[in-house]
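Let me begin by presenting the structure, written as structure tokens, before commenting on it.
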Amino acid sequence: MCGIAAILSRDGPVDPAALRRATRALRHRGPDAERTWVSPSGRIALGHTLLVINDPEGHQPIASEDGRLHIIVNGQFYDFKRIRAELEAKGHRFRTRSDSEIALHLYEDHGAGCLERLRGQFAFVIWDEEAGTLFAARDRFGLKPLFYAEHDGALYLASEAKALFAAGVPRAWDESGVYRWLLACPDERRSLFKGIRQVPPGHVLRAGNGAVRLERYWDLLGSPRRGRTGPRPRGGTFSQAVDQARELTEEAIRLRMVAGVPVGCLISGGLDSSSVLAVAATCTDGPVGAFTVGFERREFDESPGAREAAAAANADHTVVMLGDADLADHFADAVWHAETLQFNTHGAARYLLSRGVREAGYRSVLAGEGADEAFFGYEFLRAASGASRGGLGPARILRILSGFLRSPRRHHPALHAVSPWLARLALLLPAAPSLFTRLSGGLGLIQSVCSRDFLRGFDGHDPYRTYYRRCKQAAAISRREPARQLLYLWLHSIFANYHMAADRLDMAHGVEVRLPFLDHHLFEHLNRLPLAILTDHPREKHLLREAMRPHIPDAVYDRVKRPFMAPSAVGTDGPLHDFLQDTLRGDALKSVPFVDARAVGGILDGLPTLAERDRGSVDSLLLMLASVAVLQERWGL
């Protein structure tokens, strides 16, 4: 886990000072070493900051045996020792003991086909000096970030947008990107910043001869045969599904416990993280280090359940206890590192948890994120699965037609104002009311604080419909069940843009987080199972519970899913309330072109009399606006 930066010039030589500034801006991602390299032609410069996990001498860029290729890597490749042995048997000579180097030699042999052999979370850039071409890739789920921009005759790439700014890319808001973010429909290709884009998950970027193009190399809903890895499901019984899910989950965790430094676990006490910790404990001789964020406000504190799970695994457990003052004091730093809008205080909590992990002497931990996606744990996915039962008989067809013919204004007026297409979808999935009700209320509030000129610029534009149509064109999405369509849209919007911002929060302190439930062998296997095996049980993630039952205590097995909740800023006096008041009444927010500061002030004035049912939506809105104010102030956008 490191930081990478690259500059490719179309005309004259690259400015080495610009690359050094970009690399220096990523020092928090790789505090152990910093290296830059400029090609003999002067056309490209590569920078790397090193976080030592496997090889203290694994400095990058790494050159191929003949010096033709150079690579910089951010991330981790699992099962790399086996692949390295195979490559050495073919005559490849390695310069380092780093897992990163296998990608270079696989590329020598297979070109872009090297990605089929790579298992992990990664973003890397390879320069071919002889051909004058650049090849960059991002992992299948977008767990590692890779931003790029074209500016003043050059292509810039980096692990974080702040490195592109440091290299000289201009700073400004991307109003289309902001609009999608505010409406909870972020585009995985865009960022919040004008001219700065992202290599999407499962894509490669190629550059040469003045052209830059993106190509997809992996897609969850693509052909069931092409590019698929891992075993096929054995038979069709639930018992067989349990056994195979257990085997693949254990394998994914075991591979991620391989490192040259101790590997710990982040735990909340819930099923997902407790399962990871329990299996991880079987992979080591001594106790595993386990870390939990706790809150002084007891209604949000999950540390008692985490202590129970840690004790069952004989883990060395640390609770990082936080009060509202801690969250308020570090919210701005968390936003700056994450480079996204935060709609709760989770980001600040994660930022401080990772700081505690590093202070305890750990730089690598496993976590349970991704289990809700892999095992259909979210209520809206389970509801969509239930709503799609019964096939397309006459009654089902009539219900679909009547849903589209009815006006959805009466049921979701705010949702209809933003996306008529999404409002109609809400009528077709009546078993998932919470998702669309929350969206409807939140979107109405968001529109009330946006400037009229900003909103007029998007008149007639339905972002949800546009995004669905693009996904439909890119994948076999229309041929899959509604629940799997929703999962696909989730993975390529909120998940890729918000959940994966945790990478920047962890790497702010030089901590890598490994996610075994997002192992693509495991995920693809589960995606091939009948939905009934994943969702036909009153309790969520029943398949995972049964698969992990030999490892986890009864208390964890029986525990009802509880979403991670961090303290809210609305509805209580104190540091978080004061932070919002100071930030949202300040000059930074007033200078943001797309925000109506007077409308925001009206909401702040009304907080003392705010109805309890509205507190959640208002809390999310105000924290997003606070994020906007922080980015505006820090970068002068």
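The values are calculated or read from the model by the stated rules, or taken from the named source; none is laboratory data. Worth saying up front: this structure is predicted, and the values here are computed from it rather than measured. Quick reminder, even Gly has a Cβ in these numbers, built from the backbone with ideal geometry, and neighbours come from all protein chains shown. In case anyone asks, the SASA skips ligands and DNA or RNA and just uses the protein heavy atoms, side chains included. Shrake-Rupley method; radii C 1.70, N 1.55, O 1.52, S 1.80 Å.
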Loop sites in the stretch 92-158: trypsin sites (Lys or Arg not before Pro), DSSP, at most 11 other Cβ within 10 Å: ARG93
Per residue accessible area in Å² of the stretch 547-637, where ligands, DNA and RNA are left out and the probe is 1.4 Å: 47 Å²
Part-to-part distance (alpha-carbon centres) for the stretch 275-342 and the stretch 554-620, which is given in Å: 23 Å
Cα centroid separation, the stretch 101-160 to the stretch 1-79 (Å): 12 Å
Solvent-accessible heavy-atom area per residue, rounded to whole Å², over the stretch 137-202 at 1.4 Å: 22 Å²
Efficiency of FRET from Cβ geometry, SER451 and ARG297, R₀ 30 Å, rounded to 0.05: 0.30
Sulfur and carbon atoms: percent of accessible area, the chain [1.4 Å]: 50 percent
Dipole in debye (nearest 20) - the stretch 159-220, about Cα centre, beta carbon charges: Lys, Arg +1; Asp, Glu -1: 160 debye
Listed residues HIS521, ALA566, ALA384: farthest to the positive end of the dipole of the chain (Cβ charges): ALA384
Per-residue SASA entry for SER448, accessible area with 1.4 Å probe, Å² rounded to 10: 60 Å²
Equivalent ellipsoid semi-axes - Cα gyration tensor, the stretch 92-228, angstrom: 27, 20, 13
Distance between the stretch 236-265 and the stretch 171-218 - C-alpha centres, whole angstrom: 33 Å
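Taking the Cβ-Cβ separation of THR466 and LEU214 as r and a Förster radius of 22 Å, what is the calculated FRET efficiency to the nearest 0.05?
Working: r = 18 Å, r/R0 = 0.82.
Once the sixth-power term is evaluated, E becomes 0.75.
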Phi-based couplings in Hz for the stretch 113-123 (Karplus 6.51, -1.76, 1.60; Gly and Pro marked x): x, 4, 5, 5, 8, 8, 10, x, 10, 7, 9
LYS144 accessible area, assembled protein chains, probe 1.4 Å, Å²: 0 Å²
Taking the C-alpha atoms of the stretch 447-501, convex hull volume expressed per residue in Å³: 121 Å³
Accessible area of the stretch 41-115 divided out per residue, in Å², using a probe of 1.4 angstrom: 35 Å²
Rounded to whole Å, sorted largest first: equivalent-ellipsoid semi-axes of the stretch 519-637, Cα gyration tensor: 43, 19, 14
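Please find the FRET efficiency linking ASP605 to VAL560, where r is the Cβ-Cβ separation and R0 is fixed at 45 Å, and quote it to the nearest 0.05.
So the FRET efficiency works out to roughly 0.70.
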Binned Cα-Cα distance frequencies in the stretch 260-336 - 10 Å width, integer %: 19, 43, 27, 11, 0
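Assuming 0.36 nm per residue, please report the length gained on full extension of the stretch ASP32 to GLU359 beyond their Cα-Cα distance.
116.2 nm
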Ranking by accessible area, most exposed first, for TYR148, TYR362 with a 1.4 Å probe: TYR362, TYR148
ASP243-ASN314 pseudo-label distance in nm [points 7 Å out on the Cα-to-Cβ vector]: 2.9 nm
Straight-distance crosslink candidates among lysines, where the alpha carbon sits under 24 Å from LYS194 and sequence neighbours closer than 8 are dropped: LYS144, LYS162, LYS590
At most 12 other Cβ within 10 Å, DSSP loop - GluC sites (Glu not before Pro), the stretch 500-546: none
Angstrom value of the Kirkwood radius, inverse mean 1/r, which spans all Cα pairs in the chain: 25.5 Å
